[in-house]
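Here is the structure we will look at, set down as structure tokens.
None of the figures in this text is laboratory data; all of them are computed from the coordinates on show. Just so it is clear, the model here is predicted, and its values are computed rather than measured. Cβ placement follows ideal geometry from the backbone for every residue including glycine, while neighbour counts extend to all protein chains displayed.
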Amino acid sequence: MKIAGKLWILLLLCLVLCAGCGRKDAERQESEKTQTDGQKKQAGGTVQEKADADSRADNETITDAMKKTADLASFKAVTKGDLILGGKTLNGEFGMESTIQAVQGKDKDNLQMIMETRLSPGNAVSMAYYKDGWYYTDDGKRKNKQKKSQEEVLGIITDITDMVIDASDEIENISSEEDGTDKIYSYELPSYIAEDYIDKLMAEMGAEETILNQVSVEVESLKLVSAVNKEGILTSQEIFAAGKVKKAIVAVPVEAHITVDFQETEEQELTMELW
């Protein structure tokens, strides 16, 4: 905006100076007008081109940072999510907290994972483990064991980053600022992407077993904030979504907020009790 403002001021000054030249030749006046109009168009195009180039560079920085984080040999991710319903009869707050530890090695050929998740209300706790191609789950009532690929399990860990990477070409209204050694990027994504994400978020929170069963979601906005360190690695991801939840003839305002903090670790082997 500062660059655009300076260019427009410069153009206005040129117009004023030209108008005060006292030229009486109509042909030269018309030539000057044509030249000025061309300068305006060129300057506007230059500013827009620079803004587009900056946005593309920021998009690439964000997606590259997410890919680097997913490729870390060992890392920890702490996630906190809240879903708030603001209706008169259909209301409440649903929460999710999870801590994930993952070790996959530099070659990403031997993934190990431990994930603890707490849901509220009710403070239900569940555990998940992954080792040697087997995915184990324990919700405190029953235990399960099934074969899963590393890609499937990593998708569980990096669902937000995968969503942004897949939709990177549609990032809108991006801006950035410095925060110590990190660079903070704020941006938006189209509403249909938000709808898919909130559906997934509610499923992860066990919404089908609550008053959120059989609801539809109409999303109005999806805003994200990504922090990237000087090594180009994602250190945190924050997402805000707002809209309405509909059930039968009732439409209820809803807000979703989720944060993920990533930390590189030095673990080479995870200790877990399996069955």
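Quick notes
- Using 0.36 nm per residue and subtracting the Cα-Cα separation, the extra length available between Ser221 and Ile165 on full extension is 18.4 nm.
- Fully extended contour minus Cα-Cα distance, from Glu264 to Ser126, at 0.36 nm per residue: 47.3 nm
- Between Asp182 and Trp134, the simple spin-label model (points 7 angstrom out along Cα→Cβ) gives 3.8 nm.
- The stretch 226-261: trypsin sites (Lys or Arg not before Pro) falling in loop per DSSP and having at most 13 other Cβ within 10 Å: Lys230
- Cα-based Rg / Dmax (Å) for the stretch 221-275: 18.4, 53
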